[in-house]
Structure formats: C-alpha cells, structure tokens
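Visitor: Below is a structure I'd like to ask you about.
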Amino acid sequence: MGASPTLFESGCVYGNLSPRACGSDLRTGTIRQDIGPSFGHVRSCKNWTQDIKQKLMLVTGSLFPSGAVAARLGFLFATLACGLPGQTVDRGAFFESKIRPLLVTRCGSCHGDQVQMGGKQLTSKDGMHRAGVVVAGDANASPLVEAVRYTGKVKMPPTGKLSDEEIQLLEKWISDGAFWPETDPQAKTISAVGHWAFQPVKSPAAPAIKDTAWAYSDIDRFILAKLEEKGIKPAGDANKYTLLRRASLDLTGLLPTRAEIDAFVNDSSPEAFAHVVDRLLASPAYGDRWGRHWLDITYYADTTGYGRRIPLPEAWRYRDYVIESFNDDKPYDQFVKEQLAGPQDEPGKKKKEKKDLSAIAATGFLVLGPWSWGSYDRAQTLLDAADLQVDMVGRTFLGLTLGCARCHDHKFDPIPNKEYYGLIGVFLSTKTLAMNNFGDGGVNMVPLPVNTEIAKRYAEEMEQYDRRVAEAEVAEKGYAKEREEVEKRITELKAKAKSAENDAELKAAEEQLTALKAKSEYAADKQILEFVKYKKPRLPYVYAAEDLDMPQDTRIARRGDAHQLGEFAPRGFLTAVNYGKPPEIEPTSSGRKELAEWIANEKNPLTARVYVNRLWHHLFGDGIVGSTENFGARGDAPTHPELLDHLASRLVANGWSTKKTIREIVLSHVYQLASTATPGSLELDPDNKLLAHANRRRMEVETIRDTILQVAGNLDPGRGGPSLPLTEQNMHTIAPFFLEDDTVIEDPIKNRRTVYQPVMRNSQMAPIDILNLFDFKDPDQVVGTRIPTVVPTQTLYLLNAPFVKDEAALLARRLLSDKTLDDGARVSALMIDALNRPATPRDVAQAAEFIAKTKDGIITAKLPTSDATQDAWARYCHVILVSSEFLYRR
Amino acid sequence: MRSPYEPKSGGRRQFLQTLGGGFGSLALAALAAEDQARAAQTANPLAPKPPHFPAKAKRVILLWMQGGPSQMDLFDYKPRLKAEAGQPVPFALNASAIRFDKSAKLMPAISEMKRMGECGMWMSDVLPNLGRKADELCWLRAMVTDSAIHAGAIRIFQTGSLQFVRPSMGSWITYGLGSENQNLPGFVVISPVLYGDDGSPLHYSNVFLPSIYQGTRLGDSRTPVKKSKIGYLEDPTLPTALQRQDLDLIQARNRMDMEDAGQDRNIEGLIQSYELSFRMQVTAPDVFDISKESQATMDLYGVGQEDTDNFGRKCLMARRLAEAGVRFIQVTDGGWDHHDKIDKNLRKSAKGIDQPVAGLLTDLKARGLLDDTLVIWTGEFGRTPFDQTLSAASVNNAGRDHNPNCWTMFMAGGGVKPGTIFGETDDYAWKGVNDRVHVHDLHATILHLLGLNHEKLTYRYSGRDFRLTDVFGNVVKQILA
C-alpha cells in the first residue's frame, strides 16, 4: 500500500460523510488506548478501495492490453487520448466551452491548482492523466463517470450531484476520446474559483430597498432587500415590554427589574433603547452571559476527562479570564491571540513587566480538555489531545472541521492530511499535558507571580497546615495506640479468674474498645489525614500552555495511529486559506504565536466571518450561516452573504470590538421586530430564515435557572473565583484523587449564577441537575449551536423538582410578606417581575380562581400545611415559572 | 380533558382549528393521538411503528452483567485447563496484550461442570436453576469484541462504536419501533453503572436521535433498586387531583401564550410533553411497584432472600415493564469483574442472578410473553484462562483478567432457536475458533429478530446516514428459529 492516500481512499464508503463524522466525537484518547489501528471507519475505507482497484484493473486491462496502462506503486493508471488531427477544432471548442469550465468550477476547489485532495488534480491535462480516473473512449468504465453518476461507492462532488446535463457532457467528452488540448489557456485562473468562505471579505454596499424609511441602518437594508425580493412584509415592532425583556435576556441572561422597566417605558426619547443597550453592555452580567457563550466553543470544565472526576481546582481562572475579557471588551483579535499564544507583548513594554494574571490564564483554552495523563499509551494520548486541540481551533476560530483530515485528506474541504499534521506539529511542540502523574491530572501548570502578600499568606497557610496534619495524625494514630492498650487489658482480664468485679471491668473495657473502634474507623473512613494532606497549600498556579524547549515538526500518523508514522509534515497553516504570505515559524517557537497571528488577521477570510456569525446566532437564534462551526463545503450556505461580509468588515473597522458590533446589531430594526409572523410570511419562508419576525426560543438552561433564582429574590450576585467543592465529604483522597459522585456544591456558591457553578465532564452535580436535562453543553465538544429539546423528563423536572418548588415558595413568601398589597397587586407584581409586563384582567381573575381552588383543595385533602394561603400562592408562582411565557424568549 | 382555565368561547380544538395551516393541524393530530394511540405518527414519535418485516420479537430485556462473566468458569468447559493447571500459558500473548503478566499460569474452572439438558450444554453447578433451563436457551460461545478495557467494550456493546459517541442500542430500537405504551418511556434502564471509569449516561443515551428515545433511568448500580425512583417522577406532597389542577393552569397559560404571540411548534411540543409527563406520573409508579405481585411470584424470582432480593426485584420489574409494553428494558448487575478472589466472588455473583433469571424466564413463559420478548444475558467480554494474581500468591486470591477474544452469552424467547449451541473456542477458551459472533453481528441479529433490517434502520444526522452497526454486521442466521 502506498504511503499517500489515493483518490479512491479519499472517498468514503458513505459517499457523503458528515462534518467530522469520524473523529469529532472521539471522546478522549485515553479511551482508545487499547485499540490501535482498528478504526472502524478506516477499515471500511480500505475495503472498498480494494474493490474499486480490482474493478479498475479489469476495465483498463481489457481496453489497453498493450501497455497503455502504467502501473506504479501497485496502482493502475488509465490514460488519456490525445485526440486525432482533424477533430481538434470541434473537440477543442467543446472542451473549452463545456468541459474545462465544468472541471474548474465543480472539481477545482478540491482538485485544482491550489489543493489536490487525494493527490488528484483534475484541472490540467497532466493532472488528469496522473489521476487515472478517465478511460478515454469508454465513459462507463471511467471511475470519474461512476463517481459523478453517484452509482458507485465514490460519489463526487461530495457536496451534491452534478446535473444530468453536466454528467452527459462528461460522458460525451470521454466517449469521444477525452480530448484535452496541449495548451491550458485558463490554467492560472483556477485559484479564483472556489468555495465562498475562502474568498476575501468584501465590504459590500448596502442594496437599494423600496421602503427606505424602514431601515435604521445598513443591516436593515440587507435584511429588507431579501424580504422585498420574496414579497414578504416584515412584522411590526415588538412592544416596549417585550423588547426590554428580550434585550435583557440576550445581553445579560437576566430579567429587567421593575425600576428598569419603568424607566424604559417612560422614556419617550428616540435614544431610549440605545440607553438600555448601553446599560446592559456595561453591566458585569453581560460578561457572565457572553463568556458562557464562548465557553461553549471550548473544552472548559473543572475536571479532567478520564472517567474519574479528577478536580482541576485552578480551571476557574480561565473561565474568569473569558468573562472579564468580554466585560473589558477586549479586541477579538487580541482575545484569539492570547488564548492560543498567551499574553501578548505590548509595544514599548518588556515581556516580564506585563505578565498580568488574567492573560496567563488565557491558554487554559488549550490545556483544559477531555484528557488526562493517565493512559497506558502516552504517544497516542499526546496525539489524541493534539487532535482535539487542532479540531477545536478549526471549529472555534475558523469554522473548519480540521479533525476530518486526521486519517485522510478532508473529504469536502481543501484540507490535505499533510497540512493537518503541519498543525498537529504546532500542538505537539506545545506542552499542555505535563506528561507526569503529579499535579492536577497531569495538566500543565505554570506558577503565577508571587508578591509579598501572597508569600505571607502562603507561609501562614503552611503553618496552619502543619498544625492540621499533626492533629489528624494524632487522631488516627492516637486512637490506634489507645486501642492497643485496651485490647491488652481485655486479654489480661479474660485470663483472670471469674468474678463480678472482673466481669464489670471487662464489660467496661469492651465498651471502651467499641467506642474507640468507631472513632478510629471514622477517621480512617473519612480519610481525614489524607484529605488534609491533599489540601496542602501551594503558591498560586494556573493551567497554561508552554512551548517545548525543542519544538519540531511531526510525522504523519497513519490513520491517526501514533505508532504508524509516515513522512514528516512541516509545521504550517492551511494553503486553502490563502490571503497572503503566512508568517514564518521561528525555530524556537512551537508555531502557536505564528498560528495566532495568521488566524487573528483582518485579511483571514474566515476569522471575522465566523465570529460575527456567532454574535448574530446568539441574538437571532440562528446564524447567517446556520452551521456555526462549519463554514466548509458541507456547512450551510449563508442566508445573507453580503450582510455577513458587512458585519465582518464592521467588526474590523470597529477595532474588533464585540460590544460595538453587538450594539450595531441590537439597534437595528430587524432585532426589534415582534415575534408574531405577518400573514402569509410563513408560507413563503417557513423557517423564518429571512427574519421577517423575531424568533421565539426557549431560554438556555443557565438562563432558566438564573432567572428563577432572580425572580425568587434568591440570586447571589457573587462572581468569580474557585467553585469546586473540595471538601472532606466530597473528595476521594487516596490517589488517584477524585470528586465523589454525590458531591454537593458548597453553600457560598450554590445560589450564584450558573456560569459560576462547577462544570463536570460526566454529568453535572445533583444540586444543578437541571443542567443534565435542559441541553447544557457537553464540555467535551465544541458546541456553537445548542439544540433545545422538549422531552418529558424536562417537564417532569419542572413539575416536581425541589429546586423549582423551593424557589416558587420563596417567591410566594416574598409576595405575601408585603402587607401593603392586595391579591390583585400581588399578581401584578408577579407578572412584572417574572414576565416583565403588566398583568391583564385575565391573569388576575385566573389567579384568584386558582388560588382559591388550590387552597380549598389543600384543606379538603388535609395536606400537612402550616399556611394554606402561602402554599396555594406557591403553587401559583410555580405555574408561572414553568409556563411557556416564562421559559421562552420572544 | 377540558381545562377550566380555557378561554370561555370555543375550546381547545376550536382554537386550534381557527389557526388554520400546518401548525393547527399538527396540533389537532396531537390531540387525536391522545384519543387514538396509533394515530398521528408524525406528531407522536413514540407511537408504535411497523417493523421492516414481520418478526416474532416485539421487545427486548437485556440482562447486562457488567464486568465480564467468566466463560470457562460458567459455560465453556475446558478439560485441558484442569489437566495443565498451574502451567505457563502455552499460547503467545501478542503485543496488544502487554497488560498480562508473563508469569501468568493456566487456571482451572472454579467449580464442577456438567452437561445439561438435551442440548448437552456444559454448565457450572454454580448456576443450578439456569442449568435446568439449558434447553430453552440459545447459546453463543464465541462472542468477540474489539476492546480489552471496560470503557471501550461496554461502549461498543451498548452503542456499536468503540471510540465515537453514538446512540445506544435501546435508543435505536425505540426509534425504529416506537413504543406500545404511550404513558411510559419506551426505553427503561434499571440500575445502570453510572459513574467511574466504566459507567456513563452515554451508554443509554439517544445522542443525535430525538431525545424522546433516550433511556429513562431507574436508580443506579450502587443503590438497591428497592430505594430507587425515577427522577422527578412524582410529587408525594400533592394528590393527583391537585397536580392535575396545576397542570391545567400551566397548559391554559401555554395556550394563551400561543394565542397571544403566534404559532410556535416548540410550545406545541411543550404542551404535548407536559401531557406525557403527567400521564407517566400517574401510570409509572404502579408499573414499577412490585408489591402487588403474589408471594408465589416473589418467591419465583428470589425476592425476599438475601442473595437474590435485589436482582430478583429488578427482573420482576422488567417483566412488569415488558407486560406494560415498554420496548427495551435493560437490567444491570454490576460486579462481574473478577480480577481476584474469583472462587468466592464469582459464586456470589452467580448466586445473585441464577434464580432471578430462571424465574424471569419461567414467569415470561407462563404469561405467554416469552414468545415475543427477546431476553439477552451477557457481559461486555470474557475472561482469561490464566490467573491474574493481584494481591497475593495464594490460590484463593486468584482471579482472571479481561478477554475480548471470546465469551459466552445466551438469548431466549422471541425468534431464537432454543437449545442451540453456536460457536466454539480453542482448548483454553482463549479465542473463538468457529462461528465467531462479533458484537456488530449480534446487533444485526437483535435488530433482525425485531423485524428491523440493520442496514435500513438509519438516521440522517449532520449530512449522513448513521446505523447502529455502522458498516458492519451480519445476521447470525443459524440461531434463528
């Protein structure tokens, strides 16, 4: 078998493998420590390759028995006819007008000048010849025809079948001898052809629209132009209550307060909404929400990824770094660079002066992931971690499914296997796993700078620690010593002659022994000494990436197997994303710094587009490109390509400011529309892709939980800092250390916003079980788009979970405790607090009826209650908190 | 049921009709589904679906012996193990088996084995009750899997994939066939191993299949099933009538919300989901409650006896769920990972399941349920014919390591040939030599027994069609009745 993949190997038994169907969900390298090369997917690739090769051999053998077939590397090549004189004119014109354009536009992006997937180039005569996919004169025997017909296992182009007409053209061309002229007049134009996402970002002029008064900004012009084209009339404006609730939830994940509602409703100035938006963007809650959005496209969690919950007590530093970066409106290009390459040099400052704590934590982006240093197969573990890192970098920053190119060239995007390993080399030259079992799950740790204050605190903590160890030792050893003495006494007493006195003494001694046993077993059981030792104070550390001392290129690992190494792949970037000369990797650099510069570049066609699309997605519920992590050929096409480019160029023009970009979007007319569709619009645009009205959607689980706490008056405003509950009860403290499965979140953290709760990799802790039910993001995956499900386990939770009941009871108590209110006013207060709108007469009447009936019911059924009124109100509040109007954002 | 909180004019039906268009009719279809169980498959993803072809088995009870039961101690009789006991391993332990200690010695079965029944299946005397069932069971003796560690072997057995996150077998089957009871989940998992290296909710997860097909969990392997409850299933503080009153107001407000803010498929879904939750809340506790069973039935399963009480309860529950029309029921017994003290611990494990499993088979048969219920008993892999001395040199402490090359499992009921012994292993039960059945083949066969073509049971996700068997799997025709 040749070392490099062939065209046929780069096809796939499925013909249309999904974005990262094979590797995306590779959970963790350590899981496959024992399976070596037996990748199911690859095995299947190989089988049918064999089939096709046999077929090809038969076909070419029969047609060209006299040596027109060239064999190389055990592989057979068909040949191209050169065309006979006299036919040249017709065939030449046919080729140039029909065939060459077809090959260039439909095959060229993967098999063209720039990229030759599977080593095949179909846009030049020489390339076509070497590709060996055409049997001149016999269309039916040509693998190319079989591929475009979609009749065989290889189906090309993978992005969609050619039209019948195009297929017939190719068949005709081959049947007529596959003529290809000697000169290639258009050979150099191929690079301009290709997938939209690889083209430079333009700054398109806003289109003309009929209803010019409707547009508040260019964003609206792009939107309205499409709607007018389709003949769809946009919905009316959302009312002020709805709009304020929407903007508050979207920008901060919290509900507006009564005062905020009053202020907005009574502000009739034209800037009223702009003031609201500025207030929301300035609030720390903005970072809590948008920081969490970012964490969704990282592997962040507070434990390692290897079955057991090995705690990462410093992981919160990365989480806080992300949240504060959003609150500081850190320019996106800087944010990208810091996460890949750590603190950036500021002009005029020396490296050492500017190492601020938050930017050191930034490469937590790379080191926190579904891996740990506990595997049998270390080479494979490192490679698997690097794979997950490359895949994350691709999805998160570039909207590319790079991981697909781990075992073979990418099936659909022009990403060769070799370039993938060029990127792997960057991450294998980076230390993210410490490669030992010490420290926290083997994740690389970097000390934070120590000042005198920290040093002093550390010294004090060490002193306390020594004391605690001594105490715990006394407890453990002390009991043991005492026990020995008592046991000895019992033996002596037993040996003595029987007497009442002796018996009594024996009995007392035995009781003492039982008590001692219980005490010492308790100490041993609870592993008190081990726990004290586990909590040994240490100087502050952060999980961060470092370059290895000897960065180097890596070799292609065949089929992703770290033990089957092929040729070297020089470290470098993607040739398909070609916007100028890429940075040269310095000899002492892993290449992360250069990779960061290459990604966070305003000319990179993907970076800004992918990012503004994410912002749009979070504000409208759908991206302009629906597949937020895949801008490749298999991703969704943009619904508004010019708008996407407009936003991307605005982001750069605004100095990569996230807040400014969000502000521009939120202040558009389209953001402020009502959620009710205009008549007829759903027939023309059932999925509301053109945004004729606002999308209604269920709030994310964090928002559900946070707003329930908020309405109940029970939300703790505390932010930041450690959250892992590393207590005696929660920790298994004999190595390997891990959090017990029934770990309980500590009280001081419990009622904080969800983003500040610890994130586990297997399933979330019982007090925040709601996260396990309402589509919380799987920490092991890059998830830019959460898909909300509606299933009975969720509604059972809403009906019966103690969390909802307890908060509803608190809410009822709060409403009832205000004796100045009558019941009607209480309903009004509830509606304003929870639904952010005034109560309707129906709400009030319905509440009165329900509360009266429920109270009766409670009394009639003789339910244990200290206050039937309170209980009935609690039921009513509960109903409001679990109904669609509360759970959904309009 | 009409809610007292409905708008006074019209009713729910009328309201939905007035909406017109696809959305209203969808909602109406959902209402019809409440009345007619089989109607409106589009609206109700749990509604029963016809199989690809007629088949005997309608549901599955998977008795999951997590850890890897030892084939040569229970079923796969190897006289040479006895004759050569204590001698070095006579076959090569290949590179992938570096985990094995070179000093490992061949180890005989822990107990006597006898041929049982007409079929003459060798069985250990630690399974006396199952031994009497030998002729009713269909034996697979040369099972093979791809991983020698629990995490991988469990994953491939439960999901068909060693390294990728894929929907579980139970989710696939429920997706393929729907469920016969609209008041219960279609896929129930009793006491799964949930945590640690070898447990994960992913083993019964729907992954990309619609979430209605995920396994509903009762308890976990560390909690006695007696004390287990399905999460949030019931609110013991309120009588049903009051709960219904709450629900009526919730649903009325949901509909008001739609009326006010316009069409929304998600809120339709929420309304349906609330109805299903409520029905589950009313129905499920009874189904899981075994206290209404007769003493004779309890005794049959070993309920009330110390060694068999927990697993007996689980099996009895499984029968009640099968009877109620649940499509896929998995019952887990952990603790089969006998690395040490196998002589003592395997006996204990075997005793814990012997009577309950035999009782389940007897009971299913007596109720006429065995014909259309496929019962499967297996672990994730087998064990080594040589010892693995973990803690001490004493024979009493010896155990066996993992062996993915072969193990023995059995099936019974729906569509399998009773008294069949399929597959042979070498002289040491180290590797299968004849009629090997890979996990993918087993999956294909299970689907076939349910009337599903494993190549056609596909789900399109992220641009391609997925299957439980990926690109593998051959139906084991020889064991079909």
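Visitor: Where the second residue is assigned to a helix (DSSP H, G or I) and buried (at least 20 other Cβ atoms within 10 Å of the Cβ) and the first is of a type in the set (S, T, N, Q) and lies in the stretch A:127-151, which pairs have Cβ atoms under 6 Å and are six or more apart or on separate chains?
Guide: From the stretch A:127-151, the pairs are A:Ser142/A:Ile174.
Visitor: Give the residues of the stretch A:689-714 that are more than 11 Å from chain B (Cβ to nearest Cβ), buried (at least 19 other Cβ atoms within 10 Å of the Cβ) and over 23 Å from the mean Cα position of the chain (by Cα), sorted by residue number.
Guide: Passing the criteria: A:Leu690, A:Leu691, A:Ala692, A:Thr707, A:Ile708, A:Leu709, A:Gln710, A:Val711, A:Ala712.
Visitor: Output the residues belonging to the stretch A:502-559 that are of a type in the set (Asp, Glu) and at pLDDT 80 or above.
Guide: A:Asp503, A:Glu505, A:Glu510, A:Glu511, A:Glu530, A:Glu546, A:Asp547, A:Asp549, A:Asp553
Visitor: Looking for whichever is under 31 Å from the mean Cα position of the chain (by Cα), within 28 Å of A:Gly680 (Cβ to Cβ) and at pLDDT below 85 here; the options are B:Gly269, B:Gly262. Which one fits?
Guide: Of B:Gly269, B:Gly262, the one residue that is under 31 Å from the mean Cα position of the chain (by Cα), within 28 Å of A:Gly680 (Cβ to Cβ) and at pLDDT below 85 is B:Gly269.
Visitor: Surrounded by 19 or more Cβ atoms within 10 Å (Cβ to Cβ) and not small (Gly, Ala, Ser): is that true of A:Thr303 in this structure?
Guide: So A:Thr303 passes the test.
Visitor: Of the conditions (1) more than 14 Å from every other protein chain (Cβ to nearest Cβ); (2) crowded, with 20+ Cβ neighbours inside 10 Å; (3) closer than 28 Å to B:Pro356 by Cα, B:His402 fails just one. Which one is it?
Guide: Of the numbered conditions (1) more than 14 Å from every other protein chain (Cβ to nearest Cβ); (2) crowded, with 20+ Cβ neighbours inside 10 Å; (3) closer than 28 Å to B:Pro356 by Cα, the odd one out for B:His402 is (1).
Visitor: Can you tell me which condition B:Val193 does not meet? The list is (1) within 12 Å of chain A (Cβ to nearest Cβ); (2) over 13 Å from the mean Cα position of the chain (by Cα); (3) part of a loop (DSSP other than H, G, I, E, B), and all the others hold.
Guide: Here B:Val193 meets the rest and fails (2).
Visitor: Something else: Within the stretch A:758-826, considering only helices (runs of 4 or more DSSP H) that don't extend past its boundaries, which have at least 1 residues that are surrounded by 21 or more Cβ atoms within 10 Å (Cβ to Cβ), within 13 Å of another protein chain (Cβ to nearest Cβ) and in contact with a His (Cβ under 7 Å, 6 or more places away or on another chain)?
Guide: Fully inside the stretch A:758-826 and qualifying: A:802-817.
Visitor: Now for a separate question. Considering only the stretch B:449-481, state which residues are surrounded by fewer than 18 Cβ atoms within 10 Å (Cβ to Cβ), away from every other protein chain (no Cβ under 11 Å) and not basic (Lys, Arg). Steps first, please.
Guide: Looking only at the stretch B:449-481, we keep the residues that are surrounded by fewer than 18 Cβ atoms within 10 Å (Cβ to Cβ), and these are B:453, B:455-456, B:458, B:460-462, B:464-465, B:471, B:474, B:477-478, B:480-481.
Checking the rest, the ones that are also away from every other protein chain (no Cβ under 11 Å) come to B:453, B:455-456, B:474, B:477-478, B:480-481.
The answer is B:Asn453, B:Glu455, B:Asn474, B:Gln478, B:Leu480, B:Ala481.
Visitor: Give me the helices (runs of 4 or more DSSP H) completely within the stretch A:357-412, filtered to those with at least 3 residues that are in contact with a strand residue (DSSP E or B) (Cβ under 9 Å, 6 or more places away or on another chain), outside the structural domain of A:Gly119 (by TED's automatic domain parsing) and over 26 Å from A:Pro540 (Cα atoms), ordered by residue number.
Guide: Ranges flagged: A:378-393.
Visitor: If we keep just the residues of the stretch A:837-861 that are assigned to a helix (DSSP H, G or I) and of a type in the set (S, T, N, Q), which is surrounded by the most Cβ atoms within 10 Å (Cβ to Cβ)? Walk me through how you get there before you give the answer.
Guide: Step one: of the stretch A:837-861, the residues assigned to a helix (DSSP H, G or I) are A:841-860.
Narrowing the set further to residues that are of a type in the set (S, T, N, Q) leaves A:846, A:854, A:860.
On the way: A:Gln846: 21, A:Thr854: 24, A:Thr860: 11.
Going through the qualifying residues, I end up with A:Thr854.
Results for (1) over 17 Å from the mean Cα position of the chain (by Cα); (2) closer than 18 Å to A:Leu651 by Cβ; (3) modelled with pLDDT of 95 or more, shown as yes or no for each residue.
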{"position": "A:Gly307", "(1), (2), (3)": "yes, no, no"}
{"position": "A:Ala315", "(1), (2), (3)": "no, no, yes"}
{"position": "A:Tyr318", "(1), (2), (3)": "no, no, yes"}
{"position": "A:Val322", "(1), (2), (3)": "no, no, yes"}
{"position": "A:Asp328", "(1), (2), (3)": "yes, yes, yes"}
{"position": "A:Leu340", "(1), (2), (3)": "no, no, yes"}
{"position": "A:Asp345", "(1), (2), (3)": "yes, no, no"}
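Visitor: Ok, one more. Filter the stretch B:249-274 down to the residues that are of a type in the set (D, E, K, R), over 21 Å from A:Tyr876 (Cβ atoms) and crowded, with 20+ Cβ neighbours inside 10 Å, then identify the one that is nearest to the other protein chains (Cβ to nearest Cβ). Give the steps one after another, and end with the answer.
Guide: First pass over the stretch B:249-274, keeping only residues of a type in the set (D, E, K, R): B:253, B:255, B:257, B:259-260, B:264-265, B:268.
Add one more test, that the residue is over 21 Å from A:Tyr876 (Cβ atoms), and what stays is B:264-265, B:268.
Still in the running and crowded, with 20+ Cβ neighbours inside 10 Å: B:264, B:268.
Values: B:Asp264: 6, B:Glu268: 9 Å.
In this case the residue turns out to be B:Asp264.
Visitor: From the list A:Asp278, A:Asp262, which residue is of a type in the set (Asp, Glu), part of a helix (DSSP H, G or I) and either in contact (Cβ under 8 Å) with a residue 40 or more places away in the chain or in contact with a strand residue (DSSP E or B) (Cβ under 8 Å, 6 or more places away or on another chain) (or both)?
Guide: Just one listed residue meets the conditions, A:Asp278.
Visitor: Quick one: how many residues across the stretch A:306-340 are away from chain B (no Cβ under 14 Å), part of a loop (DSSP other than H, G, I, E, B) and buried (at least 24 other Cβ atoms within 10 Å of the Cβ)?
Guide: Qualifying residue count, the stretch A:306-340: 3.
Visitor: When the stretch A:118-156 is examined, which residues are found to be among the small types (Gly, Ala, Ser), modelled with pLDDT of 85 or more and touching a Lys or Arg at 6+ places or on another chain (Cβ under 7 Å)?
Guide: Taking the stretch A:118-156 as the starting set, the residues that turn out to be among the small types (Gly, Ala, Ser) are A:118-119, A:124, A:127, A:131-132, A:136-137, A:139, A:141-142, A:147, A:152.
Then drop every residue that is not modelled with pLDDT of 85 or more, which leaves A:139, A:141-142, A:147.
A:Ala147, the sole residue that qualifies.
Visitor: Any idea how many residues of the stretch A:561-593 are within 23 Å of A:His410 (Cα to Cα) and part of a helix (DSSP H, G or I)?
Guide: Count: 1.
Visitor: Restricting to the stretch B:230-243, and then to whatever is more than 7 Å from chain A (Cβ to nearest Cβ) and touching a residue at least 40 places away in the same chain (Cβ under 8 Å), can you tell me which residue is nearest to A:Gln794 (Cα to Cα)?
Guide: Once the filter is applied, the top-ranked residue is B:Ile230.
Visitor: Output yes when any residue across the stretch A:862-869 is assigned to a helix (DSSP H, G or I), among the polar types (S, T, N, Q), within 12 Å of chain B (Cβ to nearest Cβ) and more than 19 Å from B:Ile250 (Cα to Cα), and no when none is.
Guide: no
Visitor: Could you check B:Val437 against (1) more than 26 Å from B:Ser179 (Cβ to Cβ); (2) surrounded by fewer than 19 Cβ atoms within 10 Å (Cβ to Cβ); (3) touching a residue at least 60 places away in the same chain (Cβ under 8 Å); (4) not basic (Lys, Arg) and say which number it fails?
Guide: So B:Val437 meets the others, but not (2).
Visitor: Right, next: Test of understanding: among B:Ile156, B:Ile173, which residue is more than 13 Å from chain A (Cβ to nearest Cβ), of a type in the set (Val, Ile, Thr) and in contact (Cβ under 8 Å) with a residue 60 or more places away in the chain? It would help to see each step written out before you state the result.
Guide: Working: B:Ile156 fails: more than 13 Å from chain A (Cβ to nearest Cβ).
Checking each option against the conditions leaves just B:Ile173.
Visitor: While we're here: Under 43 Å from the mean Cα position of the chain (by Cα) and more than 15 Å from B:Leu238 (Cα to Cα): is that true of A:Phe886 in this structure?
Guide: Details: under 43 Å from the mean Cα position of the chain (by Cα): yes; more than 15 Å from B:Leu238 (Cα to Cα): yes.
When the stated conditions are applied, A:Phe886 passes them.
Visitor: If you scan the stretch B:127-153, which residues turn out to be assigned to a helix (DSSP H, G or I) and in contact (Cβ under 8 Å) with a residue 12 or more places away in the chain?
Guide: B:Pro128, B:Asn129, B:Leu130, B:Gly131, B:Ala134, B:Asp135, B:Glu136, B:His150, B:Ala151, B:Ala153
Visitor: Just to check your reading of the model, which residue among B:Asp246, B:Asp220 is in a loop (DSSP other than H, G, I, E, B) and within 9 Å of chain A (Cβ to nearest Cβ)?
Guide: Values: B:Asp246 fails: in a loop (DSSP other than H, G, I, E, B).
Matching residue, one of B:Asp246, B:Asp220: B:Asp220.
Visitor: Same structure again: Would you confirm whether any residue within the stretch A:603-625 is among the β-branched types (Val, Ile, Thr), part of a loop (DSSP other than H, G, I, E, B), in contact with a His (Cβ under 7 Å, 6 or more places away or on another chain) and surrounded by 23 or more Cβ atoms within 10 Å (Cβ to Cβ)?
Guide: Applying the first criterion (among the β-branched types (Val, Ile, Thr)) to the stretch A:603-625 yields A:607, A:610, A:612, A:624-625.
Those left that are additionally part of a loop (DSSP other than H, G, I, E, B): A:624-625.
If we keep only those that are in contact with a His (Cβ under 7 Å, 6 or more places away or on another chain) as well, we get A:624.
So of that shortlist, the ones also surrounded by 23 or more Cβ atoms within 10 Å (Cβ to Cβ) come out as A:624.
Checked the stretch A:603-625: at least one residue is among the β-branched types (Val, Ile, Thr), part of a loop (DSSP other than H, G, I, E, B), in contact with a His (Cβ under 7 Å, 6 or more places away or on another chain) and surrounded by 23 or more Cβ atoms within 10 Å (Cβ to Cβ).
Visitor: Next question, about the same structure. Which of the residues belonging to the stretch A:114-137 are among the charged types (D, E, K, R) and surrounded by 19 or more Cβ atoms within 10 Å (Cβ to Cβ)?
Guide: Within the stretch A:114-137, just A:Lys120 meets the criteria.
The values are calculated or read from the model by the stated rules, or taken from the named source; none is laboratory data. Computed from a predicted structure; not experimentally measured. Here the Cβ is made from the backbone with ideal geometry for all residues, glycine too, and neighbour counts use every protein chain on show.
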